[in-house]
Structure formats: structure tokens, C-alpha cells
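Q: Shown below is the structure under consideration.
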Amino acid sequence: MGSIEVVVKEFYDPLNERITEKMLRFINVTAGVELASAVPTRGLPYVDSPTPMFVALAAYLVGVCGGSLWIKIAGLKPRTVEPNWLRLLVVLHNAFCLILSVYMCSGIVAQSIHLKYSVWGNAYKDDEKEMAYFIYLFYMSKIVELMDTMIMVLKRNVRQITVLHVYHHVSIAIIWWIIAHHAPGGDAYFSAAMNSAVHVVMYFYYLLSSILRNKEIRQKYLFWGRYLTQIQMLQFGVNMVHAYYCVKTQAPYPRFLCKILFYYMISLVVLFYNFYLQKYNSKSYVKQSKLE
């Protein structure tokens, strides 16, 4: 075991050094910022260095792309009957993410009230350790949520694995690593609270979908899928306005992070709106709705 650890360390340490150096240099060149580590999250897993996060994302992309390619080459169709182990995995994943989202949302809101945050204009402070903890937890939840796509692969639902879906999961993990590393608090609370609240609704829907099997019951209780997408788009729009206000009013929160969130929200609004039009205005969806 010792020799294996030595080999891994000899390979990982130089890789970690190069990735960290390139990441910090990229942020310095593009944003003109020397990215310093925040005191409350310093030393926590997946924060000090971006390497573990990038390794997780690389494994995610290999699993998603490799799995999708294998399904297409093998000519496999989506599972009509899921094995018990897969059904259990889906239920447990959705239930865990639902509970985690409730915990994060309530914790962030409670801390924002305790710290007397306003809607915007909140500076990051090193002594706000509880808020930093919830922001860190929110970042780590983005690693857990990579399982969403892996479940699609296991179900062989290749059509659900869109560019939007993969882009969203990869990009949000990178952005929130920067926030958790540099400024886990302040105005970042708003986006984290909003997203956690929306995910409470989203994972509740997913959990119902994984439990309810009867067609008539599903039609009765899962009719609001399109409204879920509308809620997500509304969330991105509100976050975009929040970030824009912070940029224009020169809020005390790091300006480059406000800009990142602003442009990122624009990309999500555009991509989700395009997805919404393709899915819910398509002839197949309209025809299916009439039959129901």
C-alpha cells in the first residue's frame, strides 16, 4: 500500500501544481485578480486546489461521453423496466439531494438574516464562518449532482444528455469552486439560496417521478414539469439582475465574481429558453398532451 501511495503522490503532486498554477494564472490574466484562499474554507476538501474538482469533472465527462457512445454503438434502447438496484439508486440520490437542498437553503437564509444581509451590497468577511460553511457545502453539492447525468447513462436515456445539461453541471462546479476558494459569503449568498430553493422543487419532482410508476397517477401528479423549467429560467433571470446591480453599483463583493455570475446567468437563460421551446413546443409534445 505504501508503494502505491508513493507512486500516486509522485504523479499527483506535479499535476496538482501545474493545474493550480494554470488556473490561478488564467484568472489573473482574464480578471486581473490574484486569487487568494479564504480563511474559513482553507484546508477543506476540494477547495485549496482546483485539481480534485477538475479530476471529478474529467471522470464525469469520460463516464458520460464514453457511456453515451457505448449505448449508441451497441444500439441499446432506453430501459423500459429498471432493475431494482437502479431504482433504489435513483430514489436515494433524489431524496438525498432534496434533503441537502432544504438544509442549504434554510441555512443560507437563516445566516443572511442573522448577519443582517440586504438583498445586495454585502461584502465577504472572513469572520462569517457559518455562511462560508454553507457556501462551501453548496459548492460540494455541485459535485454530488454530477450523478444526475450518470443516472441518465445508466437508464440509457441518451436523448436527455444534452449540451445544456453537461455544460451546466461542469461550468457551475468551476464557478462555485472559485467562490468557495476566494469569497464564500457576501453577495454570493443570494444565488446559492435561490438555486437551493429551486432544487428543493426540482428534486421533489424527480423523487416523485422515481417513485410513481402508475401512468394515471404520474399524469395526475407530474403534470407540472414544464413549470419547473419556467421556475429555473425565472431563477436565472433574477440572479442575472442581482449580479448586474452588484456590478453597476460597485458593490463591496469582488467585482469579477459578480461579472462571472452575470454573464453565466445570461448563457443559462438563453440555453434553457431554447431547451424549453424545443421540448414543450415540439409537435411530439403537443400531440402527446392532446392524447393525455
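Q: Looking at region 192-255, which chymotrypsin sites (Phe, Trp or Tyr not before Pro) are in a loop (DSSP not H, G, I, E or B) and have at most 15 other Cβ atoms within 10 Å?
A: Passing sites in region 192-255 are 223, 224.
Q: Further question on the same structure: Cα centroid distance between region 214-255 and region 51-65, in Å?
A: Spelled out, the Cα-based centre of one part sits 26 Å from the other.
Q: Once both axes come from the Cα atoms, what is the angle between helix 51-74 and the longest principal axis of the chain, in degrees from 0 to 90, rounded to 10?
A: For helix 51-74, the angle is close to 20 degrees.
Q: Then there is this: Is there a pair in 22/155; 72/220; 155/279; 129/155; 142/259 whose C-alpha atoms are over 29 Å apart, and which pairs would that be?
A: 22/155; 72/220; 129/155, as the Cα separations exceed 29 Å there.
Q: Tell me, for the chain, which Cys residues have no other cysteine's C-beta sitting closer than 4.7 Å.
A: 65, 97, 105
Q: From zero up to wherever the largest Cα-Cα distance of region 1-104 sits, split into 10 Å bins and tell me the percent of pairs in each.
A: Binned Cα distances yield the sequence 11, 22, 30, 26, 11, 0.
Q: Return the ratio Rg/(2.2 N^0.38 Å) for the chain, where Rg is computed over Cα atoms only.
A: 1.08
Q: Could you derive backbone 3J(HN,Hα) for region 109-116 from the dihedral phi with the Karplus parameters 6.51, -1.76 and 1.60 (θ = phi - 60°), listing whole Hz in sequence and x where the residue is Gly or Pro?
A: In residue order, the calculated couplings are 4, 4, 5, 5, 6, 4, 8, 6 Hz.
Q: Using the Cα centre of the chain as the reference point, and only Cβ charges (+1 on K/R, -1 on D/E), how large is the resulting charge dipole? Debye, rounded to the nearest 20.
A: With Lys and Arg at +1 and Asp and Glu at -1, about 1580 debye.
Q: Rounded to whole Hz and in sequence order, give me ³J(HN,Hα) for region 168-176 from the Karplus expression 6.51 cos²θ - 1.76 cosθ + 1.60, θ = phi - 60°, writing x for Gly and Pro.
A: Each residue of region 168-176 in turn: 4, 5, 6, 5, 5, 5, 5, 4, 7 Hz.
Q: Between helix 129-144 and the chain, what is the angle of the helix's C-alpha long axis to the longest principal axis, kept within 0 to 90° and rounded to the nearest 10?
A: 40 degrees
Every number here is computed from the coordinates shown, using simple stated rules; none is lab data. Nothing here was measured: the structure is a model prediction, and the numbers come from that model. Glycine also receives a Cβ, built like all others from the backbone with ideal geometry; neighbour counts cover every protein chain displayed.
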